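Report on the following structure.
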Amino acid sequence: MEKYVRLILAFFRVGMLGYGGGPSSIPLVHDEVVSRYKWMTSQEFGDVLAIGNTLPGPIATKMSGYIGYRIAGVPGMLVSVLALILPTIFLMILLLTSLSAYKDEAWVQGLSAGVVPVVSVMLADLTWQFVRRSWADMGLFAAGGLILLSLLVISWLGVHPAIVIALLLGFALLKPDSKTRDGKGEGGDT
């Protein structure tokens, strides 16, 4: 029962604080899943995020479903998704009916404008964590080159990020393992 309560609390917080949709919720999911409850490592979270980005649909919902399933099976998946989406559905109905009368007021526009920098900082912090981890795993030049290549392909050539992620995942799965290629198995020098 405790794991369901934790799933509800974690994804309720994400749903309530994830202003602006899925991408702005990713740092919140990371904080709950990796830092607070330690259900995943940062590496595992990055893998789930990468695969989730290649699939259609809202990223926060996909991640909550997978993480809930991983923690508590199908009931955990249902609990996590419902904890994420139900509060925001009710808030949308409440806020849209009440704020529609005030949408042109300066305080409503200021409220929206004030949240954008905070979300930007949260996304930048998570990005920096991923960059540091990739430098540690791949080395500065390989990670930097991959970052620049991805920036070029996504930003300047206009290739959808899901295609780039799928290609990189395919390459990682299909590339020959260097330990196997040089005749040494996973056990080392045998």
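Helix 2-17 versus the longest principal axis of the chain: what is the Cα-based angle in degrees, 0 to 90, to the nearest 10?
Around 70 degrees separate the two axes.
Near Leu168, within a Cβ-to-Cβ distance under 13 Å, what is the net charge of the other residues, with Lys and Arg +1 and Asp and Glu -1? Before the final figure, lay out the partial values.
Details: positive: Lys175; negative: Asp47.
That works out to 0.
State which stretch of the chain is the longest one without any exposed trypsin sites (Lys or Arg not before Pro), exposure meaning a DSSP loop state and at most 14 other Cβ atoms within 10 Å.
Details: sites that count: Lys38, Lys103, Lys184.
With a cap of 14 other Cβ atoms within 10 Å, the longest stretch comes to 104-183.
Mind checking the angle between helix 106-138 and the chain's longest principal axis? C-alpha axes, 0 to 90 degrees, to the nearest 10.
10 degrees
Give me the one-decimal nm value for the distance between modelled label points at Asp104 and Trp128, 7 Å along each residue's Cα-to-Cβ direction.
Here the answer is 4.2 nm between the modelled labels.
In nm, to one decimal, how far is the modelled label at Leu168 from the one at Ala136, with both set 7 Å along Cα→Cβ?
In this crude spin-label approximation the distance works out to 1.8 nm.
Based on the Cα coordinates of the chain, what is the per residue volume of their convex hull in Å³? Don't skip to the answer; put the middle values down first.
Details: hull volume 31.8 nm³, N = 190.
Per residue, the Cα convex hull of the chain comes to 167 Å³.
Only the coordinates and a few stated rules stand behind these numbers; no lab work does. Given the structure is predicted, the values throughout are model-derived calculations rather than measurements. Every residue, glycine among them, receives a Cβ derived from its backbone with ideal geometry; neighbour counts consider all protein chains shown.
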